[in-house]
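Novice: Before I ask anything, here is the structure I am working with.
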Amino acid sequence: MTAEPVVPDVHPRAGGVEPSATKKHEPGAPLNKHGHSKDTLAAYLFLGPQLIGLVVFMLGPLVFAVVLAFSNWDGFGTRSFAGLDNFQVVFTDPQLRRSWLNTLLYTVLQVPGLMLSAFIVAYMLQKTARSKSFYRTFYFAPVVTSSVAVAAIWLWLFNPEISPLNSFLRSVGLPAPDWLQNPRTVILSFAIVGIWQGLGYQVVMYMAGLESISKAMYEAADVDGASEWQKLRKVTIPLLSPTILFLSITSIIGSFQVFDYIYVFLDTTAPAAARTIVYEIVNIAFREFNFGVAAAIAVCLFLALLGLTGLQLAAQKRWVHYTE
Amino acid sequence: MSIVADIAVHAVDEMAHEHKPEIRKPYRPSRIILHVLLTLGALVMAGPFIWMILSSFKPLDEIFIQPPKILPQDWAPENYSNALAQADFVRGFWNSIYIAVTVTVVSVLTCAMAAYAFARIKFPGEKQLFMVFLATMMVPGQLTVIPLYIILSKIGWVDTHLAIIVPAALFNAFGVFLMRQYVRGIPVELEEAASIDGAGRVRVFCTLILPLLRTPLTALGIFTFLNQWNNFFYPLIFLNSEEKFTIPLLVNQFKGAYSSDWTGLMAAATLAAGPMLIIFIIAQRQIVEGIALSGSKT
């Protein structure tokens, strides 16, 4: 049962009673380490549903996906071994290469923008005393909204003919681009929506991190005559580093999977400059029914995410401080 | 990943302790600047929603007015009746609610069960199996959705709600991990007392563990419900016929079918976003906590 058995398991005859001890277990007595087979049965009964899910909906498909990545298959005819052909397509197809770069560009624009703006908002919110939850309502509202509704609103805001945003930009003398149709601004447009919708979640996480920093640290810094900037650099950021690492890992994973906005904005006919890698997976798997290539892209996406997360976890020793 | 998920758990604990009484500070100029900046930020966040709601009441010919007007000149509530006539939102709501509720109830319960096994029962392979659960949290949904589609189409589940409900309800590695953290926090003595009284594991789980897990179960439930309610990726791939569509699919379909009906689209978006926004304003704290539990959104 638990880490601390009630009956101490070191007793003189312990050596000889291993399997038969199970039978001697009285029904009403506290369950202990000797109830192996009964415990195992109980464990698998409790695990049952999620264990079936793990095998049928995760491990099975995972193995199948890797097999698919090395196969030629449209899902209906016969499957044949394709060797590394699918992976060759992933790395040589000019559109796919473009889509990888688009995804990377989205990450480069969205993740730092998101993490920085969320930190600034959280830092400011932390300084207000009682109005925190009032402001939080506004910053968090997009988080609970479906990405499709969000994209529908921004579809209007990005349309140069009717956009109040463009009208405002023109009125202050700034360029008002055709956001979604101009290849140079389309990924930026996705990043703007991504930041707008993702902000509230990060603000809440940063605020929780900021609140856990002991007031005594700041008082000590005050005694030493530290400026606001020095306190930020030497106290806040180091003590917030676990939160920063967490948000950096999760937001990079999320940004690599961006899909909903693009699909709602541009439907199935997104131009080359707007396609991201998950958009390609959906398109190639479920429109072209080329499961092999789609699976190969997805395997590469998985490996890329593993690699990026591994790098961040490896690099954490250099800058992340754990207080406990 | 476990360090990372611990931070999410920690964040929620922190939130539970906010609202400490604070001494009112005198208003200095820096505080006024702070509030001005935060209010500007709040306007940027609320602006698109305000635009959505007000535009949903505009007659179609008003959308080309330059510079755009914030308030409708004439109010056109018929945008809503038109949207409702063009797409079956009532049915969409029912589909969304029924999918999200089923997944949430089953998933939360089975996660708690699995968590109880991992936290409290010793069995061979326990550690290894738990590591497998943890490791799958790194697998992107886009990788498993392709084989899943092939498998489910073979058994005839494509274009049925089962394809959305069953995988989500029966597998949630993050939920298992999260609940395990909380089960471990329950004092062992409580269970020992119960088992001396002759209660079996099932009874201990139902009458002792589940009630004690109420708060984290609610948080996980809110998170699961919202994820399902707003999910677009899986329904888009698995559902084809309109009468099975969830709300996000209906809005997307409306956009495609009536691409020039901008005000109708805003009415549809308001119908989609409105209920959740209202619930959010009412139960803000619980919802924020529930979502803060989420490691990565899928």
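No lab work stands behind these numbers, since they all come straight from the coordinates. Computed from a predicted model, the values in this text were never measured in an experiment. Neighbour counts are summed over all protein chains in view; Cβ atoms, including those assigned to glycine, are modelled from backbone coordinates with ideal geometry.
Novice: Which one, A:Leu313, A:Phe291, A:Asn166, projects farthest toward the positive side of the charge dipole computed for segment A:91-319 from Cβ point charges (K/R +1, D/E -1)?
Specialist: A:Leu313
Novice: Sort A:104-111, B:265-272 by the packing proxy (mean of other Cβ within 10 Å over each peptide's residues), most packed first.
Specialist: B:265-272, A:104-111
Novice: Here's another thing I want to ask about it. Would you tally the net charge around A:Thr276, using a Cβ to Cβ cut-off of less than 15 Å, leaving A:Thr276 out, and scoring K and R as +1, D and E as -1?
Specialist: Net local charge, A:Thr276 excluded: -1.
Novice: Using the alpha-carbon centroid of each, what span in Å lies between segment B:236-289 and segment B:92-133?
Specialist: Result: 27 Å between the Cα centres.
Novice: Now for a separate question. Could you put A:Thr103, A:Thr276 in order, starting from the residue whose Cβ has the fewest other Cβ atoms within 10 Å?
Specialist: A:Thr103, A:Thr276
Novice: What is the distance in Å between the Cα centres of segment A:55-102 and segment B:160-220?
Specialist: 38
Novice: How do B:Leu210, A:Leu247 line up, fewest other C-beta atoms within 10 Å first?
Specialist: If I rank by nearby Cβ atoms, fewest first, I get B:Leu210, A:Leu247.
Novice: Once you average over the residues of B:33-42, how many Cβ atoms of partner chains fall within 10 Å of each Cβ?
Specialist: For this peptide, the per-residue mean of nearby foreign Cβ atoms is 5.
Novice: Averaged over B:106-118, how many beta carbons belonging to a partner chain fall within 10 Å of each residue's beta carbon?
Specialist: Going residue by residue through B:106-118 and averaging, the value is 4.
Novice: Could you give me the ³J(HN,Hα) list for segment A:70-87, computed from phi with Karplus coefficients 6.51, -1.76, 1.60 and θ = phi - 60°, whole Hz, x at Gly and Pro?
Specialist: 9, 10, 9, 7, 9, x, 10, x, 8, 8, 10, 6, 10, x, 9, 3, 4, 5
Novice: Shielding by partners for A:190-200, please: the mean number of other protein chain Cβ atoms within 10 Å of each residue's Cβ. Walk me through the intermediate numbers first.
Specialist: Numbers: counts 0, 0, 0, 1, 0, 0, 4, 2, 1, 3, 3.
That average works out to 1.
Novice: Could you give me the ³J(HN,Hα) list for segment A:118-126, computed from phi with Karplus coefficients 6.51, -1.76, 1.60 and θ = phi - 60°, whole Hz, x at Gly and Pro?
Specialist: 5, 5, 4, 4, 5, 5, 5, 4, 5
Novice: Roughly what angle does helix B:173-184 make with the longest principal axis of chain B, taking Cα atoms, 0 to 90 degrees, to the nearest 10?
Specialist: With both axes taken from Cα atoms, the answer is about 50 degrees.
Novice: Still on this structure, I have one more. Using a basic spin-label model with each label point 7 Å from the Cα along Cα→Cβ, how many nm lie between B:Gln128 and B:Arg203?
Specialist: 3.5
Novice: Once R0 is set to 45 Å, what does the formula 1/(1 + (r/R0)^6) return for the Cβ-Cβ distance between B:Phe64 and A:Ile120, expressed as a FRET efficiency to the nearest 0.05? Working shown, then result.
Specialist: Details: r = 37 Å, r/R0 = 0.81.
After rounding, the FRET efficiency stands at 0.80.
Novice: Next up: What does the highest-first list of A:63-69, B:228-234 look like by mean Cβ count within 10 Å?
Specialist: Working: A:63-69: 19.9, B:228-234: 22.4.
The packing order, highest mean first, is B:228-234, A:63-69.
Novice: In whole Hz, with x marking every Gly and Pro, tabulate ³J(HN,Hα) for segment B:86-100 from phi via Karplus 6.51 cos²θ - 1.76 cosθ + 1.60, θ = phi - 60°.
Specialist: 7, 9, 7, 5, 4, 5, x, 4, 4, 4, 4, 5, 5, 5, 5
Novice: Let me ask something else about it. Just grab the label-to-label distance for A:Trp229 and A:Met217, each label 7 Å out from Cα along the Cβ direction, in nm (one decimal).
Specialist: 2.1
Novice: Using modelled amide H (1.01 Å from N, peptide plane; none on Pro or chain starts), what sits under 5 Å from the amide H of A:Ser71, excluding residues fewer than 5 places away?
Specialist: Placed amide hydrogens put A:Ala82 under 5 Å from A:Ser71.
Novice: In the structure shown, do any of A:Lys132/B:Lys69; B:Lys154/B:Lys255; A:Lys127/A:Lys231; A:Lys132/A:Lys317; A:Lys127/A:Lys317 have a Cα-Cα gap over 22 Å, and if so which?
Specialist: A:Lys132/B:Lys69; B:Lys154/B:Lys255; A:Lys132/A:Lys317; A:Lys127/A:Lys317
Novice: When you count, for each residue, the other Cβ atoms within 10 Å and take the mean per peptide, how do A:172-185, B:147-160 rank with the highest first?
Specialist: Final packing ranking: B:147-160, A:172-185.
Novice: Still on this structure: According to a simple spin-label model (label point 7 Å from Cα along Cα-to-Cβ), what is the distance in nm between A:Arg79 and B:Glu243?
Specialist: Simple spin-label model gives 3.4 nm for this pair.
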